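Chemist: Pasting in a structure now, in structure tokens, and then I'll have a few things to ask.
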Amino acid sequence: MPTNQAAWLPPKHARLSVGPAPYTRPEADEIVVENRAVAINPLDWILQEVGTIIYPWVKYPAVIGTDVAGVVVEVGSAVTRFAVGDRVLGMTVGTDKDSNSSARGAFQRYSVVFERLASPIPDDLPFENAAVLPLGLSTAACALFEADQLALDYPTAASAGTASKGTVLVWGASTSVGSNAVQLAVAAGYDVVATASPRNFDYVRSLGASQVFDYSSASVVGDIVAALRGTTFMGAAAIGAGSSERCSDIVRRVDGRKRIALLSTPVSFNNVVEPGRRKRLPLTFMRIGMSQAAYFAKAGMRGIRSKFVVGSSLKNTPVSTAIYADFLPQALAAKTFAVAPEPLVIGHGLDQVQAAFDANRRGVSARKAVVTL
């Protein structure tokens with residue numbers, strides 16, 4: 001049986017520690033991936049700092065992380081889409097309450113992945129590029145396609161043609177989730193109006209957005225309202241601190257569906273997770289609670305339906321098959337879906353995962369921190 005190693009997360013804000021880990025065989029609907037690259041998301045370092053508060057069911061020491069790319073080394077008895085030796089990307093869900101297991105974490109040599117959350121990748125797609133996709137792709141898909149979110153039509157790998165089914169607003173389009181949301185919406189046949197910083201305008205347009213606005217502009221709400229007039233508005237995906245309020249201001253002023261998929265908390269964790277600042281956590285959670293209550297009260301009065309997106313909820317819905325089986329393999333093979341954002345390779349080896357956490361926390365614009373293995 002293969003020898004496994006992992007970047008373990010001890011409790012109480014400890015930094016990652018590399019050490020031996022068990023090799024776990026797959027259940028019937030799972031595969032085992034020998035990881036060649038893993039990517040880092042903000043949730044990873046937030047879990048390191050406050051995981052015992054927001055994820056109380058996680059057992060420590062734990063292997064966390066969600067984004068992997070590598071080679072299949074074992075398949076479960078019911079798996080039909082993959083064989084040993086296949087190159088794949090996948091989303092691990094080891095910190096979810098209903099699938100909590102270090103074997104299903106990303107930051108190790110061998111990860112267990114549900115078949116329905118994995119996709120084959122072309123031979124010419126580097127693992128470090130493929131690793132940027134899973135969580136960003138899944139979260140964007142949940143926001144756009146889940147029945148209790150925007151409930152849009154599913155994407156197709158073929159060109160959607162020129163006739164638009166309506167317009168979607170993606171606030172924060174240069175982020176990992178935003179980059180995928182723009183492309184998925186376009187592939188599903190919708191026009192996309194987006195926000196980003198001016199330095200990322202060309203990047204967001206290259207993903208398919210028809211119009212891009214500066215989210216920091218004093219006139220951005222009015223500008224977007226004007227751009228949406230006369231369109232069939234289908235809803236908004238709100239990414240980034242403060243995005244929910246701005247999207248609400250826009251959605252209430254345009255005709256069409258009053259739906260917002262919420263992808264960020266109203267208050268950022270960035271300033272409270274540094275050593276010496278953790279005493280601010282209770283205040284931060286209080287501010288988050290108060291801001292959310294105020295937002296939902298205002299949205300309700302405006303007739304706007306809003307709900308927070310859980311990026312792994314698709315594992316229990318048809319959206320997982322629609323994305324990972326029916327859409328992504330063909331789109332990657334045909335090169336009609338850009339693997340975005342670009343990877344920022346921090347280093348090689350599990351001992352570099354902590355450095356990648358630190359880099360992500362400092363901020364990475366229009367790129368995603370990756371470690372190769």
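The values are calculated or read from the model by the stated rules, or taken from the named source; none is laboratory data. All of these numbers come straight from a predicted model, not from anything done at the bench. All Cβ positions, even for glycine, are placed from backbone atoms using ideal geometry, and neighbour counts span all protein chains on display. All accessible areas refer to the heavy atoms of the entire protein, side chains included, with ligands and DNA or RNA removed. Shrake-Rupley method; radii C 1.70, N 1.55, O 1.52, S 1.80 Å.
Chemist: Multiply the residue gap between A325 and Y60 by 0.36 nm, knock off their C-alpha separation, and tell me the result in nm, one decimal place.
Modeler: Separation in residues times 0.36 nm, less the Cα-Cα distance, equals 92.1 nm.
Chemist: For the residue pair R252 and K97, what label-to-label distance in nm results when each label sits 7 Å from Cα along the Cα-to-beta-carbon direction?
Modeler: 3.2 nm
Chemist: Under a crude label model (7 Å from the Cα following the beta-carbon direction), how far is A297 from S210 in nanometres?
Modeler: Taking the simple label geometry, A297 and S210 are separated by 3.8 nm.
Chemist: Taking the mean number of other Cβ atoms within 10 Å as a proxy for protection, how do you rank 317-325, 52-60 from highest to lowest?
Modeler: With the highest mean Cβ count within 10 Å placed first, the list reads 317-325, 52-60.
Chemist: Also: Roughly what angle does helix 281-301 make with the longest principal axis of the chain, taking Cα atoms, 0 to 90 degrees, to the nearest 10?
Modeler: Helix 281-301 sits roughly 40 degrees off the main axis of the chain.
Chemist: Consider a paramagnetic label point 7 Å from the Cα of R81 along Cα→Cβ; state which residues of the stretch 9-38 have an amide N under 12 Å from it.
Modeler: Answer for this model: 30-31.
Chemist: Let me ask something else. Do the sum for the chain: with -39,500 (n - 2.57) for every DSSP H run of n ≥ 4, divided by all residues, what is the mean residue ellipticity at 222 nm, to the nearest 500 deg cm²/dmol?
Modeler: -8500 deg cm²/dmol
Chemist: Right, here's the next one. Taking only C-alpha pairs under 8 Å that are 6+ residues apart, what is the relative contact order of the chain in percent?
Modeler: Contact order relative to length: 19 percent.
Chemist: Also, I was wondering about something else. For the stretch 85-190, calculate the relative contact order in percent as a whole number, restricting contacts to Cα pairs under 8 Å that are 6 or more residues apart.
Modeler: Values: 129 pairs, mean separation 24.2, N = 106.
Rounded, it is 23 percent for the stretch 85-190.
Chemist: I've got another one for you. Note down the relative contact order for the stretch 1-53 as a percent, whole number, built from C-alpha pairs under 8 angstrom at least six residues apart.
Modeler: Details: 45 pairs, mean separation 18.8, N = 53.
Relative CO of the stretch 1-53 lands at 36 percent.
Chemist: Based on the mean of other beta carbon atoms within 10 Å per residue, what is the order of 251-257, 138-144, 188-194, 117-123, most packed first?
Modeler: Going from most to least packed, we get 138-144, 188-194, 117-123, 251-257.
Chemist: So which of K258/K335; K59/K315; K12/K315; K97/K307 end up more than 25 Å apart by C-alpha?
Modeler: The pairs that break the limit, which is 25 Å between Cα atoms, are K258/K335; K12/K315.
Chemist: Could I ask something else about it? For a test of the definition: using alpha carbon positions, the gyration tensor, and the 1.5 limit on a/c, classify the stretch 79-219 as rounded, prolate or oblate.
Modeler: It is prolate, given that a/c is not under 1.5 and a/b is the larger ratio.
Chemist: Suppose R0 equals 45 Å; then what is the FRET efficiency for E34 and D153 from their Cβ-Cβ distance, rounded to the nearest 0.05? Intermediate results must be reported in sequence, preceding the final value.
Modeler: On the way: r = 36 Å, r/R0 = 0.80.
Computed FRET efficiency for E34 and D153: 0.80.
Chemist: Here is a follow-up. What whole-number value in Å² describes the accessible area per residue of the stretch 186-261 for a 1.4 Å probe?
Modeler: So the stretch 186-261 comes to 40 Å² accessible per residue, rounded to a whole number.
Chemist: Of the heavy-atom accessible surface of the chain (probe 1.4 angstrom), what whole percent is carbon and sulfur?
Modeler: Its accessible area is 53 percent carbon and sulfur atoms.
Chemist: Of all beta bridges DSSP finds with both residues in the chain, what is the antiparallel percent, to the nearest 5?
Modeler: The answer is about 55 percent antiparallel.
Chemist: Which FRET efficiency, nearest 0.05, do V225 and I53 yield, Cβ-Cβ r, R0 22 Å?
Modeler: For V225 and I53, the calculated efficiency is 0.05.
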